Amino acid sequence: MEDDLIMTEFNKNLKSKDTWLRGLFMAIYAVLWGIAEVLLFAVALIQFFTVLLTGKKNPSLLMFCQKVSDYFHAVAEYVTFNRDDKPFPFNTSGSTHSRHLTSD
């Protein structure tokens, strides 16, 4: 009896379009993560050479790197199921603040 209930729940979860759609978004975010990683490293190098040549940090680059860092955090929270709202580019609100979930 209990095994039938478990199998029914398993089949329901397996057929859930929301779960499969989230898996697709997770794959897309994996690609975007790689692109953002390369971009962040390139900007970090530019910042390094800016400091090396001028002795000062570029405030615009600092702000940009903070936004990329916030993006990494938002993506990590989404793919680990710690938030349901999708980060950019699928969430146009621009918010990268976390919205912690309760366990289902």
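Computed from the coordinates by the stated procedures, all read-outs in this text should not be read as laboratory data. The model shown is predicted, which means the values in this text are computed figures rather than measured ones. Every residue, glycine as well, gets a Cβ built from its backbone with ideal geometry; the counts of neighbours run over all protein chains shown.
Here are some notes:
- 15 Å beta-carbon shell around residue 47, net charge (K/R +1, D/E -1): +3
- Proximal charge balance of residue 36 [Cβ under 14 Å; K/R count +1, D/E count -1]: -1
- In percent, rounded to a whole number, the relative contact order of the chain is 17, using alpha-carbon pairs under 8 Å and six or more apart.
- Across the chain, the fraction of Cα-Cα pairs farther apart than 18 Å, rounded to a whole number, is 61%.
- Computed from Cα atoms, the angle from the helix 17-54 axis to the main principal axis of the chain rounds to 10 degrees.
- The residue among 46, 26, 71 whose Cα reaches farthest toward the positive pole of the charge dipole of the chain, with charges on the beta-carbon of Lys, Arg, Asp and Glu, is 46.
- Relative to the Cα centre, the charge distribution of the chain, modelled as +1 at Lys and Arg Cβ and -1 at Asp and Glu Cβ, gives a dipole magnitude of about 720 debye.
- Relative to the longest principal axis of the Cα atoms of the chain, the long axis of helix 59-79 makes an angle of roughly 10 degrees.
- Eligible lysines near residue 17 by straight Cα distance, threshold 30 Å, same-chain separation 8 or greater: 86
- Each peptide in 85-91, 52-58 was scored by the mean count of other Cβ atoms within 10 Å over its residues; highest first, the order is 85-91, 52-58.
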